[in-house]
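See below for the structure under consideration.
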Amino acid sequence: MKNTVPLVFFLTVCLGVSAVGGWITQTSVNDWYQTLAKPPMNPPDWVFAPMWITLYVMMAVAGWRVWLRSANNIRRMAMVAFAVQLMLNLIWSFIFFGAQSPGFAAIEIVLLWISILITLLMFWRIDGFAGWLMSPYIVWVSFAIYLNISIVLLN
C-alpha cells in the first residue's frame, strides 16, 4: 500500500494534465486546426489521444519509480524537473490550440524538449527503466516539433 499511494498520485497528476490539455485542444481542433495546411507525415487526428494517454501513463510510472528509488535532494531535483516538463507540456496546448499561435508554440515546444531531456537524464541516473519509460515521450515530442514547425512554415 505504501508504494501504491505514490503511483496513484503520479497517475492522477499526469492523466489530469492530459485531461486539461485535451480539453484545451478540443477548443479548436475541430475548426481552426482543420483549416491549417499540414505536412505530409501528419498523422490522422485519432492517433493523438491514445498516443498521449500512453505517454502520460509511462511518465507517471517513470516518476513513481524515481520517487521510490531516490531521496532527499536528488529526489527533489528530479521531481522539479518532472513538474517543469509537465507544466511546459500543458502550456504548449494553451499556446498552440488555445491561443491558436503555432509560431509561439514552436518556440515553447523546443523548451519542452530540453526539459524532457533533462528529466530523462536525471531519471536515467536514478533508475534506468524510468529513463527508458521517458524515451518514447522525447521521440514523440521530437516528431511534434517537426509538425509544429511545418505548420508554421506552411501557414
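Just so it is clear, none of the values below were taken in a lab; they were calculated from the coordinates. Being a predicted model, the structure only gives us computed values, none of them experimental. Note that each Cβ is placed from the backbone with ideal geometry, even for glycine, and that neighbours are counted across all protein chains shown.
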Quiz item: If you stretched the chain out fully between residue 23 and residue 73, how much longer would it get, using 0.36 nm times the residue separation minus the C-alpha to C-alpha distance?
Solution: 14.5 nm
Quiz item: Stokes-Einstein D for the chain at 20 °C, 1.002 mPa s, Kirkwood Rh over Cα pairs, in µm²/s?
Solution: 134 µm²/s
Quiz item: For the range 65-155, which trypsin sites (Lys or Arg not before Pro) are both in a DSSP coil and crowded by at most 15 other Cβ atoms within 10 Å?
Solution: none
Practice problem: Identify the chymotrypsin sites (Phe, Trp or Tyr not before Pro) of the range 18-97 meeting these criteria: DSSP loop state and at most 16 other C-beta atoms within 10 Å of the C-beta. | Solution: 32
Exercise. Pull out the extension gain between residue 47 and residue 80, defined as 0.36 nm times the separation in residues minus the alpha carbon to alpha carbon distance; nm, one decimal.
Key: 8.9 nm
Quiz item: Using alpha carbon coordinates only, what is the Rg to Rh ratio of the range 1-80, with Rh defined as the Kirkwood radius?
Solution: 1.13
Practice problem: Could you point to the residue in 14, 48, 96 farthest towards the positive end of the chain's charge dipole, with +1 and -1 charges on the Cβ of Lys/Arg and Asp/Glu respectively? | Solution: 14
Quiz item: What percent does the relative contact order of the chain come to when contacts are Cα pairs within less than 8 Å and at least six residues apart?
Solution: 32 percent
Practice problem: For residue 70, list long-range residues whose amide hydrogen, built 1.01 Å from N in the peptide plane, is under 5 Å from its own amide hydrogen. | Solution: none
Self-check item: Likely footprinting exposure, 35, 12, fewest C-beta neighbours within 10 Å first
Solution: 35, 12
Quiz item: Can you work out the base-10 log of I(q)/I(0) for the range 99-155 at q = 0.18, 0.26, 0.31 1/Å, using the Debye formula on its C-alpha atoms alone?
Solution: -0.61, -0.94, -1.15
